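The values are calculated or read from the model by the stated rules, or taken from the named source; none is laboratory data. Here the structure is a predicted model, which is why all the values come from computation and not from measurement. So basically every Cβ, Gly included, is an ideal-geometry build from the backbone, and we count neighbours across all protein chains shown.
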Amino acid sequence: MTKSHLKRINTPKTWNISRKQAVFIARPRPSGHPLAEVLPLAVILRDVLNVGATAREIRVLLNAGEVMVEGKTRKDPRHPVGLLDEVFFPMTQERYRVAIDAKGRLAVLKAKAGEHKVRRIKAKHKSKGRMQVTFHDGTLLIAEEGTPLRVGDSAILDGKALKEHFPLECGAYILLTGGSHRGDQGVVEQVHEGNIVYKSMKGIIRKTPKKNAFVLGKGKSALAIT
């Protein structure tokens, strides 16, 4: 049985929180995201955005239906908010998105209205002439066999349909989600069997395994997280 809390001292290094403020902190409910790439909604509201000082204040806010995650009202303080998920406050019309900062930590940044979430393809399987695609957040897409989607590519969905496809290729704009340069962003210049070479926003040429690259767009990011 999954525990409902974590000791702050044992939280992932990617969580940008105070580890001496208290002993325990809420644990996010299981989701498609690894623990290092997800934050509980209560932690975002209290520890990051400071919209409430206590767990009770956060529960009151959530029970009033004042917080939406990925377009749905959420009332569970432990609801998982993962990488690139959007948090929206209907009353103030403020939007925030979970990203990765330059130090490799999860950051909650201002988001723009009208943006669509980009999802990274984690796996795909063929079944009865169709293809089942699994994205980094656990979302599933059923596509026709032959659809040019590969593991490591990214996509924007419109409901359950494919809206836009961002292949991991030369010219792709990427965010690094792993490795010693986690949080770095840049444009792919070379693609090899297991690695890519990219130019960072500072003009530095670096090499990294393909698994570390999260494609955010073609030439530039489709999301305002730079």
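Listing for the model above:
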| quantity | calculated |
| --- | --- |
| Residue within the stretch 93-104 that is in contact with a strand residue (DSSP E or B) (Cβ under 9 Å, 6 or more places away or on another chain), hydrophobic (A, V, I, L, M, F, W, C), under 20 Å from P30 (Cα atoms) and in the same structural domain as E37 (by TED's automatic domain parsing) present | yes |
| Of residues in the stretch 61-72 being under 19 Å from A107 (Cα atoms) and modelled with pLDDT of 95 or more, the one farthest from the chain's Cα centre (by Cα) | V67 |
| Residues of the stretch 136-181 classified as under 16 Å from the mean Cα position of the chain (by Cα), among the small types (G, A, S) and assigned to a strand (DSSP E or B), total | 2 |
| Qualifying positions in the stretch 78-106 - hydrophobic (A, V, I, L, M, F, W, C), modelled with pLDDT of 95 or more and more than 10 Å from the chain's Cα centre (by Cα) | V87, F88, F89 |
| Search result, residues across the stretch 27-60 that are surrounded by fewer than 20 Cβ atoms within 10 Å (Cβ to Cβ), more than 18 Å from K110 (Cβ to Cβ) and more than 19 Å from the chain's Cα centre (by Cα) | G52, A53, T54, A55, R56, E57, R59, V60 |
| Close pairs from the stretch 146-160: first not assigned by TED's automatic domain parsing to the domain that holds G71, partner in a loop (DSSP other than H, G, I, E, B) and of a type in the set (K, R), Cβ under 9 Å, at least 6 apart | I156/K117; L157/K117 |
| Inter-residue pairs, beta-carbon under 8 Å, first farther than 21 Å from L149 by Cβ and assigned by TED's automatic domain parsing to the domain that holds E189 and in the stretch 203-222, second hydrophobic (A, V, I, L, M, F, W, C) and part of a strand (DSSP E or B), 6+ apart | I205/V197; R206/V197; K207/I196; K207/V197; T208/L176; T208/I196 |
| Single unsatisfied condition, G186 versus (1) of a type outside the set (D, E); (2) outside any loop (DSSP other than H, G, I, E, B); (3) touching a Leu at 6+ places or on another chain (Cβ under 7 Å); (4) closer than 22 Å to T14 by Cβ | (3) |
| The stretch 117-159 - residue that is among the basic types (K, R) and under 22 Å from V81 (Cβ atoms) and, of those, surrounded by the fewest Cβ atoms within 10 Å (Cβ to Cβ) | K122 |
| Meets criteria (assigned to a loop (DSSP other than H, G, I, E, B), modelled with pLDDT of 95 or more, surrounded by fewer than 20 Cβ atoms within 10 Å (Cβ to Cβ) and of a type outside the set (D, E)) for K75 | yes |
| Matching residues in the stretch 182-205 - criterion: being more than 20 Å from V118 (Cβ to Cβ) and buried (at least 17 other Cβ atoms within 10 Å of the Cβ) | none |
